[in-house]
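**Student:** Here's a structure for you.
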Amino acid sequence: MKFLFLTLGGAALWVAVASPVAHLDHHLLTGHMVQHLVLMMVAAPLILLGAQSTFLAERVWTFSKHPAFCWLAGTVTVIFWHVPAVFELGMQSHSWHMFEHATFFMAGILFWLPVIQPAGGVATRWSIPIYLFLATLPCDALSAFLAFCGHVVYRPYLSMEGHGRLSPLEDQALAGALMWVTVTFAYLIPALVVTAKLLARERKQPIESGAY
């Protein structure tokens, strides 16, 4: 199973940085957004699941004891790279762009650490649903801004008029909507799963105590 997770995670990395989809990022903001989402929401958790019990994983798991750090790593990375001046620098420099991809992936690893535990599966602590819910808020604010601000935020895409039959503003709105929906499902579904497990465990405990 771990090999499968690693294989799927590696495939997701390839899709994000080396596949034909990866080359759309300089033409469509939506393509750029897909890269970010795949790196953080797909590749990172899959590879984290597959890398459990390895020497590297045992060192990295120590960060899961500091969920505030992991939360900030994921959130600050997303916000930082969407600042227009920083974003445009990544569009102009291949090396900077590769560094951007690396930071998104590593931020994804750190973000999912408190959720995915060394024993496998999803952690069952009440702090996890809160952690995931709070993570949606800055992403929702950013995605709503991109979707509804009414002007093109990133100047390099102004020259892509008509590419893919989308105007730059339509492309930006689509990218914002994609981020909004993807983040909501990627974070809130695990939060609901953990909540259901916690409630089931709490109902089970009185029954077990009553058996004695």
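**Student:** Which pairs have Cβ atoms under 9 Å, sit 6 or more apart or on different chains, and link a residue in segment 90-114 that is farther than 21 Å from Pro138 by Cα to one that is in a loop (DSSP other than H, G, I, E, B)?
**Tutor:** Met91/Tyr154; Phe99/Ser93
**Student:** Of the residues Ala44, Ala12, which is of a type outside the set (Lys, Arg) and either within 12 Å of the chain's Cα centre (by Cα) or at pLDDT below 85 (or both)?
**Tutor:** Ala44
**Student:** Determine whether segment 115-122 contains at least one residue that is modelled with pLDDT of 90 or more and either in a helix (DSSP H, G or I) or more than 19 Å from the chain's Cα centre (by Cα) (or both).
**Tutor:** Checking segment 115-122: not a single residue is modelled with pLDDT of 90 or more and either in a helix (DSSP H, G or I) or more than 19 Å from the chain's Cα centre (by Cα) (or both).
**Student:** Which residues, counting only those in segment 16-31, are polar (S, T, N, Q) and outside any helix (DSSP H, G or I)?
**Tutor:** Residue satisfying the conditions is Ser19 alone.
**Student:** For Val34, indicate whether it is assigned to a helix (DSSP H, G or I), surrounded by fewer than 22 Cβ atoms within 10 Å (Cβ to Cβ), modelled with pLDDT of 85 or more and of a type outside the set (Phe, Trp, Tyr). Before you say what the answer is, go through the steps one by one.
**Tutor:** Values: assigned to a helix (DSSP H, G or I): yes; surrounded by fewer than 22 Cβ atoms within 10 Å (Cβ to Cβ): yes; modelled with pLDDT of 85 or more: yes; of a type outside the set (Phe, Trp, Tyr): yes.
It is true that Val34 is assigned to a helix (DSSP H, G or I), surrounded by fewer than 22 Cβ atoms within 10 Å (Cβ to Cβ), modelled with pLDDT of 85 or more and of a type outside the set (Phe, Trp, Tyr).
**Student:** State which residue is surrounded by the fewest Cβ atoms within 10 Å (Cβ to Cβ) when the search covers only segment 56-96 and only residues that are among the β-branched types (Val, Ile, Thr) and modelled with pLDDT under 85.
**Tutor:** Across segment 56-96, the extreme among qualifying residues is Thr62.
The values are calculated or read from the model by the stated rules, or taken from the named source; none is laboratory data. What you see is a predicted model, and the numbers here were worked out from it, not measured in a lab. Every residue, glycine as well, gets a Cβ built from its backbone with ideal geometry; the counts of neighbours run over all protein chains shown.
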